[in-house]
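What follows draws every value from the coordinates through simple rules; no lab data is involved. The model shown is predicted, which means the values in this text are computed figures rather than measured ones. All Cβ positions, even for glycine, are placed from backbone atoms using ideal geometry, and neighbour counts span all protein chains on display.
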Amino acid sequence: MEHETQERGDALVVILAGEVDLEHSPTAREVLLAAVSHKRKVLVDLAGVEYIDSSGVASLVEAYKIAKNQGQGFALVAVNPAALRVLRLARLDRVFSIFDKLEEAL
Amino acid sequence: MIEVRDLVTHYGPREILHGVDLRIEPGEIMVIIGGSGSGKTTLLRHLLGLKRATSGSVRLLGHDLAAVSSLELFELSKRIGVAFQGGALFSSMTVGENVMLPLVEHTRLDRETMEIMMRMKLEITRLSGFEDLMPSELSGGMIKRAAFARAVIMDPVVLFADEPSAGLDPTVSRSLDELILELRDAMGMTIVVVTHELDSAFRIADRVTVLDQGDVLFIGTVDEIRRSENERIQNLLNRRFKEEELDPDEYLARLTGERSRT
């Protein structure tokens, strides 16, 4: 898994790529929790994610909850169909704000 | 995904499987059906690597189960999930702890992550809010659901389910069938179900393997099995359809000892 955090205006964009699986989700969690700790809007770009398992999704849920409690914006961007199916199974597509493109979410 | 070649097995001197050949493709739901003594439970144990064969081979996710080391088998076990017939929940642990157990044993994830994963699986298996109950407080159907939640907690590539609908009423049984279909569709899992319930098999199967006294009688789709002209297959199906096509008048006559009017 690769990751990068960029500043885009007011927002922090966390770009995740590759496989967010049991092995790598602890890293994803650290990156996400670090991003929400800045009390800015956080957008998670999942365009390059080939596979995300439920440990990865759980990290997204955790980060989202912290952001929400702190009154920050938090959204997912470019969720691929496979990842969307995993989110839908747990009805999380109704919980997260999901945008097709980064520009729409900024 | 799974490949069984000429599998011969014994319990003591008694031969149970007489040369079983079977391939299970990625993403398919394969239902293995057969009556008691057909060898289906034995076959399942071999697919899981729990027993050594007399001859022949079982390959699971590219590994020959007879040749893997115990470490490799441990690694493989992380990629498969098993929902056991009786649930096999630990009675001294809460439902949530039971569901999380594979994560505690196999991963170093943060506790928070594990708990969210556990609650997600309880959502999927429609057990949300039950994590703090003890297994003894659950109904039979809920125990099966909890067993499924635990079996899929690690997002397995292959899910095995042993008699998922045995002992359940038809409505609960149907809802477990739906759960199996949802898991496959959403997670792309390969699912192997062992059952003696034909209705359930026909609802969920992409393909069905019929075992009869240690032999594979038939492998094919639900449509193919319905069209089969094999007498033993037809007997199997007719047993079921006869029950379904009950003539109430005739049944009443039978019960009251009245002779048929025809």
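Shielding of B:115-122 by partners, i.e. mean partner chain Cβ atoms within 10 Å per residue? Kindly include the intermediate steps, with their values, before the conclusion.
On the way: counts 2, 10, 11, 2, 3, 11, 3, 1.
Per residue, the average neighbour count from other chains is 5.
Once the Cβ-Cβ distance between B:THR221 and B:HIS10 is put in as r, and R0 is 41 Å, what FRET efficiency do you end up with, to the nearest 0.05?
Numbers: r = 32 Å, r/R0 = 0.78.
That pair, B:THR221 with B:HIS10, gives E of 0.80.
In the protein assembly as shown, how does Rg compare with the Kirkwood Rh, expressed as the Rg/Rh ratio over alpha carbon atoms?
Numbers: Rg = 24.1 Å, Rh = 22.8 Å.
Across the protein assembly as shown, the Cα-based Rg/Rh ratio is 1.06.
Lys pairs in the protein assembly as shown, Cα-Cα under 14 Å, at least 8 apart or on separate chains: how many?
On the way: A:LYS39/A:LYS65; A:LYS39/A:LYS68; A:LYS41/A:LYS65; A:LYS41/A:LYS68; B:LYS40/B:LYS51; B:LYS121/B:LYS144.
Taking the Cα cut-off of 14 Å, the pair count is 6.
Would you mind getting the Kirkwood hydrodynamic radius of chain B from its Cα pairs, rounded to one decimal in Å?
Details: mean 1/r = 0.0504 Å⁻¹.
Taking the inverse mean of 1/r over all distinct Cα pairs, chain B comes out at 19.9 Å.
Subtract the Cα-Cα distance of A:ARG8 and A:SER97 from 0.36 nm times their separation in residues, and report this length gain in nm to one decimal.
Values: separation 89, 0.36 × 89 = 32.04 nm, distance 1.80 nm.
30.2 nm is the gain from fully extending A:ARG8 to A:SER97.
Set the Förster distance to 35 Å, then compute FRET efficiency between B:LYS78 and B:TYR251 from the Cβ-Cβ distance, nearest 0.05.
Working: r = 52 Å, r/R0 = 1.49.
Calculated value: 0.10.
Sticking with the crude label model, points 7 Å out along Cα→Cβ, report the distance from B:SER36 to B:GLU97 in nm, one decimal please.
3.5 nm
Please compute the modelled spin-label separation between B:ARG126 and B:ASP21, points set 7 Å along Cα→Cβ, answer in nm with one decimal.
4.1 nm
If you keep only loop residues by DSSP, which trypsin sites (Lys or Arg not before Pro) in the range B:1-66 have at most 12 other Cβ atoms within 10 Å of their Cβ?
Numbers: sites: B:ARG5, B:ARG14, B:ARG23, B:LYS40, B:ARG45, B:LYS51, B:ARG52, B:ARG59; in loops: B:LYS51, B:ARG52.
Taking the range B:1-66 and a limit of 12 other Cβ atoms within 10 Å, the loop trypsin sites (Lys or Arg not before Pro) found are B:ARG52.
What is the set of long-range amide H partners of B:LEU17 at a cut-off below 5 Å, with H atoms built 1.01 Å from backbone N?
Amide H to amide H, under 5 Å and 5 or more residues apart or across chains, B:LEU17 pairs with B:THR9.
Which value in Å is the Kirkwood Rh of the range A:2-105 over different Cα pairs? Provide the component values of the computation, followed by the final result.
Numbers: mean 1/r = 0.0756 Å⁻¹.
This gives a value of 13.2 Å.
Along the range B:144-154, what does the Karplus equation 6.51 cos²θ - 1.76 cosθ + 1.60 (θ = phi - 60°) give for ³J(HN,Hα), rounded to whole Hz, x for Gly and Pro?
Running phi through 6.51 cos²θ - 1.76 cosθ + 1.60 with θ = phi - 60° gives 4, 5, 5, 5, 5, 4, 5, 5, 9, 4, 8 Hz.
Taking only C-alpha pairs under 8 Å that are 6+ residues apart, what is the relative contact order of chain A in percent?
Numbers: 192 pairs, mean separation 27.5, N = 106.
The normalised contact order for chain A reaches 26 percent.
With equal scatterers on the alpha carbons only and no solvent term, can you work out the Debye log10 of I(q)/I(0) for the range B:47-131 at 0.14 1/Å?
Debye output, listed in q order: -0.63.
By its C-alpha gyration tensor, with a ≥ b ≥ c as the square roots of the eigenvalues, how is the range A:62-106 shaped: rounded for a/c under 1.5, else prolate for a/b larger than b/c, else oblate? Don't skip to the end; give the middle numbers.
Working: a/c = 2.81, a/b = 1.23, b/c = 2.29.
Oblate, since a/c reaches 1.5 and b/c is not below a/b.
What number in nm² do you get for the range B:119-262 if you take the convex hull of its Cα atoms and divide its surface by four?
Details: hull surface 49.8 nm².
Averaging across all directions leaves 12.4 nm² for the Cα convex hull.
List the residues, sorted by chain then number, that are 5 or more residues from B:ALA66 or on another chain and whose placed amide H is less than 5 Å from its amide H.
Distant-sequence amide H within range of B:ALA66: B:VAL58.
Calculate, for B:ARG45 and A:ARG88, the FRET efficiency according to 1/(1 + (r/R0)^6) with r their C-beta to C-beta distance and R0 41 Å; round to the nearest 0.05.
Details: r = 35 Å, r/R0 = 0.84.
With a Förster radius of 41 Å, E is 0.75.
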